[in-house]
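A short write-up of the structure that comes next.
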Amino acid sequence: MTEETRSLRGECYCGAVSYKVRDAFEYALYCHCGECRRRTGAASKPFAGARASALTITGGDDALLLFGESGDGYHASCGKCGSLLYSLVRDRAYVHVTLGALIDPPTITPAAHIFVGSKAPWDVICDGLPQFETLPTDREPRGTVGRHRTGDGTPPHCEARARQHRARPTAAET
Ligand SMILES: [Zn+2]
Ligand SMILES: [Zn+2]
């Protein structure tokens, strides 16, 4: 390391596990696949990928729960509160850090939505970022550093959907 890269702090919900990761992410995406949805309990998982060496556990190493261990990698959650913190992937060479558990904001921001072909039917994506049925190919964008893509290609039904929600009574089921 010739140059000092800024480190970002992250921690789980209960605070038992903390880590730091160098702000050296190579790509960032929202994954809508069924596995990521179940691991996070959310519509999608925003994550950023870096070399595995970028991540250091700074507290609660013994509280880490590793799931699905194989030669390829594993998913690491807090064993006490269940927060999904990161996954080791690609023969353990890369770490996918879940952005929601970061305390400090990363320089990179998610550039696209992946596995949109298996997203939940109620999940409406309205941010105008590129969407891929599964994974983007090498020719397509995988990360946007310091640059937000907005406006281009926002689906027209997003604005209609927003109007519909505003018009609908909130206590319709009572
Ligand atoms: Zn925890
Ligand atoms: Zn996924």
Requested in this report: State whether one or more residues within region 91-104 are in contact (Cβ under 8 Å) with a residue 60 or more places away in the chain, assigned to a strand (DSSP E or B), surrounded by 22 or more Cβ atoms within 10 Å (Cβ to Cβ) and more than 16 Å from ligand 2 (Cβ to nearest atom).
Outcome: no
Requested in this report: Could you figure out which of (1) within 21 Å of R9 (Cβ to Cβ); (2) within 16 Å of ligand 2 (Cβ to nearest atom); (3) in contact with a Pro (Cβ under 8 Å, 6 or more places away or on another chain) isn't true of T40?
Outcome: (3)
Requested in this report: Kindly indicate which of P110, P130 is free of Cβ contacts under 8 Å to residues at least 40 places away in the same chain and either within 16 Å of ligand 1 (Cβ to nearest atom) or surrounded by 13 or more Cβ atoms within 10 Å (Cβ to Cβ) (or both).
Outcome: P130
Query raised in the report: Does any residue in region 4-23 that is under 10 Å from G59 (Cα atoms) and in contact (Cβ under 8 Å) with a residue 60 or more places away in the chain come within less than 8 Å, Cβ to Cβ, of a residue that is of a type in the set (A, V, I, L, M, F, W, C) and away from ligand 1 (no atom under 16 Å from the Cβ) six or more places away or on a different chain, and which pairs are these?
Result: Y19/L55
Report summary line: Within region 43-69, residues being within 14 Å of ligand 2 (Cβ to nearest atom) and in contact (Cβ under 8 Å) with a residue 40 or more places away in the chain number 7
Query raised in the report: What is the residue count in region 1-17 for residues that are over 20 Å from A93 (Cα atoms) and surrounded by fewer than 19 Cβ atoms within 10 Å (Cβ to Cβ)?
Result: 9
Query raised in the report: Within region 25-85, which strands (runs of 3 or more DSSP E) (wholly inside it) include 3 or more residues that are surrounded by 15 or more Cβ atoms within 10 Å (Cβ to Cβ) and within 16 Å of ligand 1 (Cβ to nearest atom)?
Result: 74-78
Query raised in the report: In region 1-34, how many residues are modelled with pLDDT under 95 and touching a helix residue (DSSP H, G or I) at 6+ places or on another chain (Cβ under 9 Å)?
Result: 1
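The values are calculated or read from the model by the stated rules, or taken from the named source; none is laboratory data. As the structure is a computational prediction, the values presented were derived from the model and not from experiment. Here the Cβ is made from the backbone with ideal geometry for all residues, glycine too, and neighbour counts use every protein chain on show.
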